[in-house]
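Below is one structure; the comments refer to it alone.
The values are calculated or read from the model by the stated rules, or taken from the named source; none is laboratory data. Model, not experiment: these values are computed from the prediction. Note that we place each Cβ from the backbone using ideal geometry, even for glycine, and neighbour counts take in every protein chain shown. Ligands, DNA and RNA are excluded from the accessible area calculation, which covers all protein heavy atoms including side chains. Shrake-Rupley method; radii C 1.70, N 1.55, O 1.52, S 1.80 Å.
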Amino acid sequence: MQEVIKKCLPTYEVVRKLGEGVYGTVFHVKDNLKERAVKVVPIMVERSLSYSTPKDLDSKISHDFHVVQEYYEKIKGEGVVEIHDFHLVGKEVSKHDAKAYLVILMEICPENLLDHVLDNFPVPPQDARRLMLELAVILNRLAAHISEAFIVKDLKPSNVLITNANKLVIGDLGGVQRVSTASATAKAQFTPNWSAPELITHSSPANVASLAYSYGFVSYFIWGGTLPYEKENFSDRIRRMKNDGIYFRRKDIPDDIRDLITRCLKFSPGDRPDNFDEIIDILKGGADVSSKITRRPEKPTKQKPFGAPPKKTAKKHAKRSGRSSGSSGSSGSSGEETSRHKDNKLSYGEKSQASRGRHMIGDTWQEPVVGMEFIWVPNGLFQMGCGKWAGKGKKNEFPVHEVMIGGFWLGRFPVIQAQWKRVMSGWIKANNPSWFKMGDNYPVEQVSCNDIKEFLQKLIALNKGRYHFRLPTEAEWEYAARSGGKPELFPGGKSLDKIAWYSKNSGMTTHEVGRLAPNGLGIFDMAGNVYEWCEDIFNEEAYRLHEKENPQFTGNGNRRVIRGGSWSNFPSELRSTYRGSVAPDFKVNYVGFR
């Protein structure tokens with residue numbers, strides 16, 4: 001991306017990378033006269049019925065670029081980071097897709113609210129009130145006082161910047177959403193820990209009530225430097241707040257501030273402030289909320305120790321499944337051991353060993369260094385794609401086609417955080433990239449395809465090259481998920497609640513692997529918990545291009561296949577035949593791998 005900046009802004013020198021999010025990367029740049037921030041956002045449009053020709057794809061890229069400019073024109077002003085220029089560079093158009101980079105040149109801010117609070121903790125009461133008021137004025141302008149209403153859907157301290165003039169501004173425009181386009185299924189970004197519960201548990205559209213909730217969290221952080229019940233996961237935090245109330249450790253918080261924050265953090269949206277004009281009046285001393293809320297006791301109830309060991313382990317579940325288990329609840333990445341050679345190395349591609357009965361269903365193998373457990377998936381024919389038994393599928397799940405899969409070893413569980421830390425220790429600065437750091441047996445997430453390549457190289461090196469490890473292909477994944485290609489709507493054919501953590505039962509967080517029932521091959525968490533990366537490049541028409549034997553799509557495309565659904569998805573996205581896709585550098589808290 002630095003090359004993109006040099007091509008677009010040749011007079012600027014890249015000083016350092018400031019941050020990286022789901023939608024782009026931000027850099028600090030400077031020339032002889034000034035310093036700026038630059039955000040680089042990849043844009044990609046794939047061919048579809050609506051955009052079927054290269055001319056259509058080219059037009060769509062240009063349209064998206066102009067939409068971003070028009071969008072900024074509507075929200076720019078007080079409280080929004082200043083943008084100096086937009087550029088569209090590196091545009092490439094082919095028959096299959098069009099891609100380019102959106103380069104946004106903006107003001108550079110020396111600090112964000114997160115660092116400001118932690119570096120100056122405890123923030124003096126008069127400064128904390130000023131910060132709350134200034135932020136409320138910004139949110140009120142966006143939500144009520146411009147031509148169209150906008151909601152800051154991803155409000156959190158790290159997204160609130162402090163300018164050189166010591167003013168607050170919203171710095172991440174990707175989380176600012178036009179109310180008229182907000183919907184229950186919109187994929188606009190948000191961060192669970194700072195979001196209203198209804199946005200996550202019921203996928204409700206963002207509105208002023210949900211924004212007031214996030215504002216309450218940010219305000220609590222300004223005064224306390226933490227979230228309420230910070231050591232709890234998302235669902236437990238919401239439950240504690242609902243049942244036990246809000247506990248303020250600082251004794252110098254004015255009563256009106258305590259009452260306002262408590263009201264903003266009410267579980268029911270109807271109990272929160274009606275608008276930000278009301279919040280501003282309270283902060284200016286023009287209103288009293290003490291009569292509108294029930295005061296809670298000052299002392300919190302005893303919290304469960306963070307990181308306490310679970311009552312049950314994945315190993316116990318493995319034993320109950322009737323399969324042999326060679327590890328203590330460990331999970332594994334994809335690997336193969338289809339033929340042994342004289343040098344004891346493992347290679348992929350030969351099927352004769354399985355056909356001669358060398359491996360059988362239920363056979364397990366434990367990787368010797370990290371202890372990952374693999375289970376044997378036997379060779380076989382199956383009908384890949386959405387058959388009549390699977391109901392109505394998406395267009396990219398067709399046509400149903402016959403596929404031959406050679407036998408292979410597959411991780412019994414998704415890769416867990418303990419295994420990631422063990423393998424990657426010393427290779428990267430952050431040993432555990434996961435958002436949900438709640439225990440070693442939780443699946444690792446927020447890992448890109450590039451991160452996984454490093455992991456696999458290191459794992460192979462730790463095993464001194466004796467074994468080869470890779471991600472499963474999309475065909476292998478579906479064959480294994482359907483218990484060897486059976487017509488199973490969900491992996492194992494069981495009730496979804498028995499096999500998967502998803503939007504209904506997850507509490508909007510990941511869970512320890514192996515806590516629910518396995519599928520027919522003894523493989524756990526093939527649906528829900530976290531999406532899983534596959535080897536294939538994603539293409540809408542891949543099924544029409546598949547070879548019959550061990551197919552893998554490696555043609556044109558800027559996205560990679562992910563399968564299985566996650567803790568945040570609805571049942572339709574956890575179907576065995578459902579195909580998801582994201583950019584290979586995508587990192588988010590609902591995508592992991594096995």
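Within 12 Å, Cβ to Cβ, of Val423, how many net charges do the neighbouring residues add up to if Lys/Arg are +1 and Asp/Glu are -1? Kindly include the intermediate steps, with their values, before the conclusion.
Working: positive: Lys421, Arg422, Lys458; negative: Glu367, Asp451, Glu454.
Neighbourhood net charge equals 0.
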TODO: Mind running the shape call on region 201-265? Use the C-alpha gyration tensor, a ≥ b ≥ c as the square roots of the eigenvalues: rounded below 1.5 for a/c, prolate if a/b tops b/c, oblate otherwise.
DONE: oblate
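Could you check how much of the accessible area of region 197-254 is carbon and sulfur, as a whole percent, using a 1.4 Å probe? Don't skip to the end; give the middle numbers.
Working: 980 of 2030 Å².
Here it works out to 48 percent.
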Task: Modelled FRET efficiency - R0 56 Å, Leu33 with Gln457, Cβ distances, 0.05 increments - done: 0.80
Task: Mean Cβ neighbour count within 10 Å, used as a protection proxy, ranking 398-404, 490-496, 581-587 highest first - done: 490-496, 581-587, 398-404
Open item on the list: Can you give me the solvent accessible area of Asp31 with a 1.4 Å probe, rounded to the nearest 10 Å²?
Closed with: 40 Å²
Open item on the list: What's the ranking of 77-84, 408-415, 572-579 by average number of surrounding C-beta atoms within 10 Å, highest first?
Closed with: 408-415, 572-579, 77-84
Task: Dipole of region 400-531 [Lys/Arg +1, Asp/Glu -1 at C-beta], most positive-end residue of Ile523, Tyr502, Val415 - done: Val415
- [ ] State the Cα centre-to-centre distance between region 519-536 and region 43-105 in whole Å.
- [x] 35 Å
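Once you order the gyration tensor axes a ≥ b ≥ c over the Cα atoms, which shape class does region 445-594 get: rounded for a/c under 1.5, otherwise prolate or oblate by comparing a/b with b/c? Don't skip to the answer; put the middle values down first.
Values: a/c = 1.42, a/b = 1.22, b/c = 1.16.
Rounded shape, in that the Cα axes give a/c under 1.5.
Quick check on region 57-101: take the gyration tensor over C-alpha atoms, sort the square-rooted eigenvalues as a ≥ b ≥ c, and tell me if it's rounded (a/c under 1.5), prolate or oblate. It would help to have the intermediate numbers written out before the result.
Details: a/c = 4.47, a/b = 2.59, b/c = 1.72.
Taking the square roots of the gyration eigenvalues as a ≥ b ≥ c, region 57-101 is prolate.
Please tell me which of these pairs span more than 20 angstrom C-alpha to C-alpha: Lys421/Lys458; Lys153/Lys266; Lys7/Lys91; Lys156/Lys251; Lys17/Lys421? Please list the in-between numbers first.
Numbers: Lys421/Lys458 12 Å; Lys153/Lys266 18 Å; Lys7/Lys91 12 Å; Lys156/Lys251 24 Å; Lys17/Lys421 24 Å.
Exceeds cut-off: Lys156/Lys251; Lys17/Lys421.
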